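Visitor: Before we start, here is the structure in question, set down as structure tokens.
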Amino acid sequence: MRETERKYELDEGAQLPDWSDVPGVHRTTEPEEHLLEAVYFDTAGLDLAAAGITLRRRRGGADRGWHLKLPAGPDSRDEIRVGFTRGEARRTNPTPPAQLVALARAFTRGRELLAVAELTTVRRQWRLTDDEGRDLVEVVDDRVTARALGDTIESSTWREAEVELAEHGDAALLDQLERRLREAGVRRSKAPSKLARVLGGRIPAAARPPRLRGRSTLGEVALAYLHEQGTAIRTRDPAVRRELPDAVHQMRVATRRMRSVLHAYGRVVDRDRTRELAGELKWLAAVLGAARDLEVLEARITDALDGVPDELVLGPVRAHLTRYFTGRRAAAHDELVAALDGERYLALLAAVDTLLADPPLTRAAAEPAREHLGRLIRRNHRRVADHVRTAEGLPLGPERDVELHEARKAAKRLRYATEAAEPVLGKRARTLISRTKDVQELLGDHQDAIVALPVLRELGAQAHGEGANGFTFGLLHEREHSHLPDGALGEAWTRLDDAVRAAAAT
């Protein structure tokens, strides 16, 4: 579930405001009281806390059980809950559930999870509802007694309030309630969570990327982008394991972006010293690609089928598609999770950490980015142009298809190199990114058609072999040949050339 809440510090004698006249709030329920006991788990180095993640075992309240909370934007976290098994709530030495441990693997790196804090909370809770009795927000007044565990045990107590969105509330209502709290002298908590407050200075500081500005160096441009992609790889890991929509695609894109920038900025970040990592990123992208390509292919064929008139859909076509893709998607996901559970993946994450902590920068890294990014953009554009010109000189067929596919990959590298430069180059970089994406999508449409053709032929043959009608698959097969008219690429290519000249002129 998505949890959006704000925390506030309360002095012992402070009174919470009256919410009765807040616009949109019809009623405040009578307070409910709960006694909550929680044990928080982390590695000895507090790797989860450093990433803003909490893993706890809670007794008491309506949501007793195990909770894993993952950051999901300002004031929000995704909470995954696992209930207690029989007798588990009474165990004195609990062990976190394997499914939650797996979701945190990209952060714990397989290290042992230990109890790091114990909290007891006496809670008073109110629900603010609308005129139909629907919950808008929950307001709680917590008195907390906490113990930080470790070589020394430190105890503390405090009082805090939480205001959490319910199903029918919105962020504007949170803002209204916050204004009331400020008027009452209540201030936002400096700690993002109870655990962060009790552990305090024990939590390692997260690595911060360079802050880019007009006078940034080439090294700062490359490192800021590499930091962003390294974070994206780790944070997408739990979503990939949970099979959330677009998660595989986003993690694969982050992997490709990091690899592309290592190549594109090779004179800035020593290519010889990052070659092994680039190879491992290529491996991870391929593992993710097996699952992602099935998603794309299934969506492409399904969308194409939606455009076929009903009278031309002969036989159980959709049933054939479901049967073909369901098993393959499940197998691809299992193989992907097995790779994420493996030591090779953990070694890759460790190599990314090393790269960001101690980057192998060359002397060129100190050069002013604004003065030298144009040359980098032109060099990466030439790679795309070389493949496009080669393809234009070939007849229709496999060799031409290969060159267009290579042009697409080179266009992605150009796009990602420009994305890294965008904070320095501004509008001209954004225009180039957009134009590159247009060319990339046209080439991608062509490649997707090439990939779909043998699958449609296989589906048609299977249908025929089972005594069904393969006509519709043949129709879809024929339609795939019509993709990527040369004129469409020519127009997009001209716009890209213009954008490259403008961006590189800096």
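Read the figures in this text as sums done on the coordinates, not as results from a lab. These figures come from a predicted structure and were not determined experimentally. Glycine gets a Cβ as well: all are built from the backbone with ideal geometry, and neighbour counts include every protein chain shown.
Visitor: How tilted is helix 218-241 with respect to the longest principal axis of the chain? Cα atoms for both, answer in degrees (0 to 90, nearest 10).
Guide: Result, in degrees: 70.
Visitor: For residue 457 and residue 344 in the same chain, what is the full-extension length gain: residue separation times 0.36 nm, less their Cα-Cα distance, in nm?
Guide: Between residue 457 and residue 344, full extension yields an extra 37.0 nm.
Visitor: Using the charge dipole of the stretch 355-506 (Lys, Arg: +1 at Cβ; Asp, Glu: -1 at Cβ; taken about the Cα centre), state which of 440, 460, 482 has its Cα farthest towards the positive end.
Guide: My answer, from the dipole projection, is 440.
Visitor: Could I ask something else about it? Would you mind classifying the stretch 162-318 by shape? Square roots of the alpha carbon gyration tensor eigenvalues, ordered a ≥ b ≥ c; an a/c under 1.5 is rounded, otherwise it is prolate if a/b is larger than b/c and oblate if not.
Guide: Since a/c reaches 1.5 but b/c is at least a/b, the shape of the stretch 162-318 is classed as oblate.
Visitor: Gap in Å between the Cα centre of the stretch 234-292 and the Cα centre of the stretch 351-380?
Guide: 18 Å
Visitor: Could you name the lysines whose alpha carbon sits less than 16 Å from that of residue 190, not counting residues in the same chain fewer than 8 places away?
Guide: Once the sequence-local lysines are set aside, what remains near residue 190 is 7.
Visitor: Which distance in nm do the two modelled labels at residue 187 and residue 399 give, with both placed 7 Å along the Cα-to-Cβ direction?
Guide: 7.3 nm
Visitor: Between residue 120 and residue 168, what is the FRET efficiency for a Förster distance of 35 Å, r being their Cβ-Cβ separation, to the nearest 0.05? Kindly include the intermediate steps, with their values, before the conclusion.
Guide: On the way: r = 31 Å, r/R0 = 0.90.
Plugging the Cβ-Cβ distance into 1/(1 + (r/R0)^6) gives 0.65.
Visitor: State to the nearest 20 debye the size of the charge dipole of the chain about its Cα centre, where the only charges are +1 on K and R beta carbons and -1 on D and E beta carbons.
Guide: Dipole magnitude for the chain comes out near 2020 debye.
Visitor: So what does the Cα-only Debye profile of the stretch 254-325 read at q = 0.20, 0.24 Å⁻¹, as log10 I(q)/I(0), no solvent term?
Guide: -0.82, -1.01
Visitor: Let me have the 222 nm mean residue ellipticity of the chain computed from DSSP H runs of 4+ only, each contributing -39500 (n - 2.57), with the sum over all residues rounded to the nearest 500.
Guide: Dividing the helical sum by the residues of the chain leaves -18000 deg cm²/dmol.
Visitor: Using the Kirkwood radius over C-alpha pairs as Rh, can you work out the diffusion coefficient of the chain via Stokes-Einstein at 4 °C, viscosity 1.567 mPa s, in µm² per second?
Guide: D = 49 µm²/s.
Visitor: Between rounded, prolate and oblate, where does the stretch 427-506 land on the alpha carbon gyration tensor, with a ≥ b ≥ c its root eigenvalues, rounded for a/c under 1.5, else prolate if a/b exceeds b/c?
Guide: Working: a/c = 6.11, a/b = 3.83, b/c = 1.59.
It is prolate, given that a/c is not under 1.5 and a/b is the larger ratio.
Visitor: Kirkwood hydrodynamic radius of the stretch 218-504 from all distinct Cα pairs, in Å? The partial results should precede the final answer.
Guide: Numbers: mean 1/r = 0.0482 Å⁻¹.
This gives a value of 20.8 Å.
Visitor: Next up: Charges only on Cβ, +1 for Lys and Arg, -1 for Asp and Glu: so what's the dipole of the stretch 415-454 about the Cα centre, in debye to the nearest 20?
Guide: 300 debye
Visitor: Continuing with this model, one more query. Classify the stretch 2-202 as rounded, prolate or oblate, taking a ≥ b ≥ c as the square roots of the eigenvalues of its Cα gyration tensor: rounded when a/c is under 1.5, otherwise prolate if a/b is larger than b/c and oblate if not.
Guide: Values: a/c = 1.86, a/b = 1.65, b/c = 1.13.
The shape class here is prolate.
Visitor: Sticking with the crude label model, points 7 Å out along Cα→Cβ, report the distance from residue 478 to residue 202 in nm, one decimal please.
Guide: Here the modelled spin labels are 7.1 nm apart.
Visitor: Which is the longest stretch in the chain that no exposed loop site breaks, taking sites as trypsin sites (Lys or Arg not before Pro) with a DSSP loop state and at most 11 other Cβ atoms within 10 Å?
Guide: On the way: sites that count: 86, 91, 190, 211, 213, 215.
Answer from the scan: 216-506.
Visitor: Separate question: Taking one equal scatterer on every alpha-carbon of the stretch 127-199, how large is log10 of I(q)/I(0) by Debye at q = 0.13, 0.14, 0.18 1/Å?
Guide: Ignoring solvent entirely, the Cα scatterers give -0.51, -0.57, -0.81.
Visitor: While we're on this one: Taking a temperature of 20 °C and a viscosity of 1.002 mPa s, what whole-number D in µm²/s does Stokes-Einstein yield for the stretch 36-87 with Rh from Kirkwood over alpha carbon pairs?
Guide: Taking Rh from Cα pairs, D becomes 181 µm²/s.
Visitor: Also, quick follow-up: Roughly how far apart, in whole Å, are the Cα centres of the stretch 87-135 and the stretch 17-65?
Guide: Each part's Cα centre sits 9 Å from the other's.
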